[in-house]
1. When only residues in segment 1-25 that are closer than 17 Å to Gly49 by Cα and touching a residue at least 24 places away in the same chain (Cβ under 8 Å) count, which is farthest from the chain's Cα centre (by Cα)?
2. Restricting attention to segment 23-44, does a residue exist that is in a helix (DSSP H, G or I), surrounded by 12 or more Cβ atoms within 10 Å (Cβ to Cβ) and either aliphatic (A, V, I, L, M) or at pLDDT 95 or above (or both)?
3. Tell me, please, whether a residue that is in a loop (DSSP other than H, G, I, E, B), within 11 Å of the chain's Cα centre (by Cα) and on the phi > 0 side of the Ramachandran plot can be found in segment 48-62.
4. Can you pull out the residues in segment 45-62 that are among the small types (Gly, Ala, Ser) and either surrounded by 10 or more Cβ atoms within 10 Å (Cβ to Cβ) or modelled with pLDDT under 95 (or both)?
Amino acid sequence: YLYDATQEVAKAYDAACTPDFYLFNAELELVYRGRIDDSRPGNDNPLTGEDLRTALDAVLTGAPVSPVQYPSGGCNIKWKK
């Protein structure tokens with residue numbers, strides 16, 4: 001979790017909505033950006049964390065992270081002026 005009061009970090013990473021998950025490997029390369037799982041309000045899919053967990057497991061075991069990644073579907077960021 002990152003508290004970004006000035007929104008500088010969100011702008012630097014081109015964040016568009018929350019939550020948006022960014023996962024970096026040991027070399028600080030961005031290897032995953034996307035949703036936590038396929039649950040959404042009203043779709044009856046349980047919150048499992050499967051998408052993010054799969055990427056984390058890959059990083060922790062040294063396996064490649066799947067290039068198939070789905071964007072987050074959260075609320076748009078309300079940009080400060």
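The values are calculated or read from the model by the stated rules, or taken from the named source; none is laboratory data. Treat the numbers as computed from the prediction; the structure is a model and nothing was measured. So basically every Cβ, Gly included, is an ideal-geometry build from the backbone, and we count neighbours across all protein chains shown.
1. Ranking the qualifying residues of segment 1-25, first place goes to Thr18.
2. no
3. Start the filter on segment 48-62 by keeping residues that are in a loop (DSSP other than H, G, I, E, B), which leaves 48-49, 62.
The next check asks that each one be within 11 Å of the chain's Cα centre (by Cα); those that pass are 49.
If we keep only those that are on the phi > 0 side of the Ramachandran plot too, we end up with 49.
Yes: one or more hits.
4. Answer for segment 45-62, where residues must be among the small types (Gly, Ala, Ser) and either surrounded by 10 or more Cβ atoms within 10 Å (Cβ to Cβ) or modelled with pLDDT under 95 (or both): Gly49, Ala55, Ala58.
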